[in-house]
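Q: One structure, pasted below without further comment.
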Amino acid sequence: MEKSKIKFERQNILVIGGAGFLGSQLCEYLLEKNNVICVDDYSCGKESNIDRLLSHQNFEFVRHDITEALDFKNFPGVEKFRMAFIGVHQVYYLADFHSPRYALASPLETLILATAGTKNAMDIAAAYSAKCIFISDADVYGEVAGDPMKVHEDAVGTLDYLSLVNYHGHAKRIGESIAMLYQKQKKVRVSIARLYTTYGPHMHLDDGRLIPDMVARALAGKEIVLTPGMGAATFLYVTDAIDALEKVMAAEMLGIFNIGNPTQYSVQEAAERIVKFCGSRSPIVRREANAEEVLTYRAWEQSCRIANIDTLRDATGWFPVVLLDEGLRKTIDYMKSLRAIRGVFEKE
């Protein structure tokens, strides 16, 4: 019998990109019942996201650049999980420059991470007969004609792959292709999770994504700029995203799944709520982006998508439960604490 089929009290789960916003909270969730090996090189993730996990007996951190092949023999700390005997049961691949701030500054690295990084993750899944989830993004759809509420997983939109702002979406398309080839040619059990705008604690003040940027500006009393291209969007709280990923991993069926919150709001509504919950007087203004801002704002405009979750809901019964107000309040409380800590160190 394959090691992956044997039932162990605690399974060994590999989370690649585990020190990031989503990965760190996924690690914490999985630790309740499993052994977790978190792989990150801190190029985007932060040690502060996982510092409370480092002393947990069922957690091991491996600092490694996943664009290089990962050999567990070079990391003796994982020996406590009896890798040679038990193996790896699940692999989550989250390594990515999710933030436009990083992706736009590092387009080449973004593509390499999607190619070499994805291949190395799939090689691990193949070696251990582990099920793998490749975390993708709704950016892969590009421009899709018609009603966004009807964009199912089989839609193929137009994506200008030579435009700098589209390198992230193009990288995710490449990563998906590699993952699907490993499924077809090497029989790796792979599912693809296309995340829509996700937010919550562990996002940092300089994260560079839409929600944390608006919160950071509101907390600082700065104006919040919305471009004419920012219309309706959906916002998924991090715990709902983790619940969805767990259900995709547990499901027998493989394939591609949209993961988002189908309840839509205008970005204007979200900005107004953030200003209110921050107790801020930040003005919200509509204008075109200037030359320095245009790429970042274009990336934010592209993130204003409406999630269709019919496939995942029908397959697993999953549906997000955290309302926008509740999620924003928790996110703001976390970012307030970060701002307070930063202020202390700046004074010192």
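Q: Just checking, how many residues over region 88-108 are at pLDDT below 95 and over 13 Å from the mean Cα position of the chain (by Cα)?
A: 8
Q: Between a residue in region 304-324 that is without any contact (Cβ under 8 Å) to a residue 24 or more places away in the chain and any residue that is assigned to a loop (DSSP other than H, G, I, E, B), which pairs come within a Cβ distance under 8 Å, given they are 6 or more apart or on different chains?
A: From residues that are without any contact (Cβ under 8 Å) to a residue 24 or more places away in the chain, the pairs are Arg313/Phe319; Phe319/Ile309.
Q: To continue, here is another question. In a loop (DSSP other than H, G, I, E, B), farther than 22 Å from Glu293 by Cβ, in contact (Cβ under 8 Å) with a residue 60 or more places away in the chain and not small (Gly, Ala, Ser), is that true of Glu176?
A: No: the conditions fail for Glu176.
Q: How many of the residues in region 38-74 are assigned to a loop (DSSP other than H, G, I, E, B) and over 22 Å from Asp96 (Cβ atoms)?
A: Selection size over region 38-74: 7.
Q: Select, from Val238, Val165, the only residue that is buried (at least 22 other Cβ atoms within 10 Å of the Cβ) and either closer than 30 Å to Asn34 by Cα or more than 15 Å from the chain's Cα centre (by Cα) (or both).
A: Val238
Q: Quick check on my filter: what residues within region 176-193 are in contact with a Gly (Cβ under 8 Å, 6 or more places away or on another chain) and of a type outside the set (A, V, I, L, M)?
A: Start the filter on region 176-193 by keeping residues that are in contact with a Gly (Cβ under 8 Å, 6 or more places away or on another chain), which leaves 191-192.
If the condition is that a residue be in contact with a Gly (Cβ under 8 Å, 6 or more places away or on another chain) and of a type outside the set (A, V, I, L, M), then Ser191 is the only one that fits.
Q: OK, next. If I filter region 38-69 down to residues being in contact with a helix residue (DSSP H, G or I) (Cβ under 6 Å, 6 or more places away or on another chain) and closer than 27 Å to Ala126 by Cα, which single residue comes out as surrounded by the fewest Cβ atoms within 10 Å (Cβ to Cβ)?
A: Among those that are in contact with a helix residue (DSSP H, G or I) (Cβ under 6 Å, 6 or more places away or on another chain) and closer than 27 Å to Ala126 by Cα, it is Ala69.
Q: Examine region 61-74 for a residue that is farther than 20 Å from Thr118 by Cβ, under 21 Å from the mean Cα position of the chain (by Cα) and not polar (S, T, N, Q), and state whether such a residue exists. Before the answer, list the steps.
A: Of the residues in region 61-74, the ones farther than 20 Å from Thr118 by Cβ are 61, 73-74.
From the residues that got through so far, the ones that are under 21 Å from the mean Cα position of the chain (by Cα) too are 61.
Next cut, not polar (S, T, N, Q) only: 61.
Yes, region 61-74 has at least one match.
Q: I need a count of the residues in region 303-328 that are part of a helix (DSSP H, G or I) and under 19 Å from the mean Cα position of the chain (by Cα).
A: At the first step, the residues of region 303-328 found to be part of a helix (DSSP H, G or I) are 310-316, 324-328.
This time we only want the ones that are under 19 Å from the mean Cα position of the chain (by Cα), so: 312, 324, 327-328.
Of the residues in region 303-328, 4 are part of a helix (DSSP H, G or I) and under 19 Å from the mean Cα position of the chain (by Cα).
The values are calculated or read from the model by the stated rules, or taken from the named source; none is laboratory data. Keep in mind it's a predicted model, so treat the numbers as computed, not measured. Note that each Cβ is placed from the backbone with ideal geometry, even for glycine, and that neighbours are counted across all protein chains shown.
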